[in-house]
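Here's the structure we're looking at; comments come further down.
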Amino acid sequence: MKKFIQKSVLAAAVTGAMALASSAAMAQTFPDFTVNEGSVAGATANTFTADKVTGNYTEVISFGANNSFNVSLLWNAGQFVANNGTSPVATQLGQSGSTIAQQYGLYALYTGSGTYNTGADGKTVFNFTPGGALSVYIDPNTNTTFGQPSNGSTAWTTGSSSDDYLIATGTPKSGQGTLDPTLSTCGSSNGINCGSFGSSTSFALTAQGSQYFTSPNPFYNVSFQSGQFNNIPLTGTQTVNGSMDVTFGNAVPEPASVALVGLGLMGLGLSRRRKQA
């Protein structure tokens with residue numbers, strides 16, 4: 001009977017933990033943040049609240065031995081969105097080379113690595129490993145040019161960027177992507193949607209970044225990226241592009257119910273050792 005009770009308590013704790021996780025996922029929303037555009041030289045004073053940033057990315061990916069890969073990505077932000085990603089926000093955010101006054105650029109450089117595996121169904125799953133780098137910059141004059149690297153291990157280079165300044169840094173933590181050439185939206189040469197990905201990085205603002213992202217304070221410590229990509233051969237070095245969204249959040253502490261499971265297991269182990277002694 002005692003063993004049965006112990007197992008029942010453990011099962012109940014695990015079930016509770018899963019229920020909490022499921023409930024949190026169903027209620028998922030994008031956390032709000034505040035942007036102060038007046039902190040950018042030349043921009044008109046403007047403050048707004050948003051919860052997502054969207055933009056275009058170009059990625060160089062190199063495939064190596066043992067199903068490994070390295071990626072180097074350039075992302076240009078194009079728009080802020082509010083109301084859980086449903087309402088575009090009017091801002092001064094522009095693109096590189098813009099001729100419109102009072103616009104500025106926002107871009108990010110990212111490097112990462114991982115492994116991939118192609119199943120019998122033809123789908124390829126990419127798993128990112130911790131490590132790499134994320135750097136986010138403001139381009140006050142929207143005049144920065146970019147140099148594509150020759151391989152996925154090397155970061156993109158910039159030109160006409162002496163006025164650019166770093167607002168945030170991070171380190172890739174995890175991520176996964178799926179390439180599925182069998183999708184109806186994917187073709188051998190012109191498929192625009194052949195797969196999707198999601199990843200997370202740590203996120204830390206610089207002093208100037210704290211003047212741009214002003215709330216919450218302290219700011220979120222994790223950034224989440226998600227997007228889609230077109231078809232690519234899984235050999236050599238390839239270039240892929242697509243759209244990518246960015247949201248923010250904080251590292252989630254271990255749920256109390258899961259912690260209780262750990263304590264329960266520890267207690268069970270101590271009990272057994274005492275009996276054996």
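The values are calculated or read from the model by the stated rules, or taken from the named source; none is laboratory data. Worth saying up front: this structure is predicted, and the values here are computed from it rather than measured. Every residue, glycine as well, gets a Cβ built from its backbone with ideal geometry; the counts of neighbours run over all protein chains shown. In case anyone asks, the SASA skips ligands and DNA or RNA and just uses the protein heavy atoms, side chains included. Shrake-Rupley method; radii C 1.70, N 1.55, O 1.52, S 1.80 Å.
How much accessible area does residue 163 have with a 1.4 Å probe, in Å² rounded to the nearest 10?
The accessible area of residue 163 comes to roughly 50 Å².
FRET efficiency for residue 44 and residue 115, Cβ-Cβ distance as r, R0 = 41 Å, nearest 0.05? Before the final figure, lay out the partial values.
Numbers: r = 47 Å, r/R0 = 1.14.
Working from the Cβ atoms, E equals 0.30.
Scan around residue 129 for amide H atoms under 5 Å from its own, H built in the peptide plane at 1.01 Å from N, and keep only partners 5 or more places away or cross-chain.
113, 114, 115
Measuring with a 1.4 Å probe in the full set of protein chains, what accessible area per residue, in whole Å², belongs to the range 146-225?
On the way: 3930 Å² over 80 residues.
Value returned for the range 146-225: 49 Å² of accessible area per residue.
What FRET efficiency do you get for residue 250 and residue 129 if R0 is 35 Å and r is their Cβ-Cβ distance, rounded to the nearest 0.05?
Calculated value: 0.95.
First select every other residue whose beta carbon is under 11 angstrom from the beta carbon of residue 143; then total the charges, Lys and Arg +1, Asp and Glu -1.
In short, -3.
Given H placed on each backbone N at 1.01 Å, which residues far from residue 167 in sequence or on other chains put an amide H within less than 5 Å of it?
HN-HN under 5 Å from residue 167: 136, 137, 138.
Under 5 Å between amide H atoms, partner at least 5 residues away or on a different chain: which partners does residue 242 have, H built in plane at 1.01 Å?
Here the answer is 57, since their amide H atoms fall under 5 Å of that of residue 242.
Show me, for the range 154-165, the HN-Hα J-couplings you get by feeding each phi into the Karplus relation (A = 6.51, B = -1.76, C = 1.60, θ = phi - 60°), rounded to Hz, glycine and proline as x.
10, 6, 4, 9, 10, x, 6, 10, 5, 8, 5, 9
Rounded to whole Hz and in sequence order, give me ³J(HN,Hα) for the range 206-212 from the Karplus expression 6.51 cos²θ - 1.76 cosθ + 1.60, θ = phi - 60°, writing x for Gly and Pro.
Along the range 206-212, the couplings run 7, 4, 6, x, 5, 7, 8 Hz.
Leaving out ligands, DNA and RNA, and with a 1.4 Å probe, what % of the accessible surface on the range 29-131 is carbon or sulfur?
49
Please compute the net charge surrounding residue 92, taking Lys and Arg as +1 and Asp and Glu as -1 over other residues with Cβ under 14 Å from its Cβ.
Cβ neighbours under 14 Å give a net charge of -2.
Can you compute 3J(HN,Hα) from phi for each residue in the range 191-196, using the Karplus curve 6.51 cos²θ - 1.76 cosθ + 1.60 with θ = phi - 60°, rounded to whole Hz and x for Gly and Pro?
Whole-Hz 3J(HN,Hα) from phi for the range 191-196: x, 8, 9, 10, x, 8.
If you count only protein heavy atoms with a 1.4 Å probe, what accessible area per residue comes out for the range 41-133, rounded to a whole Å²?
43
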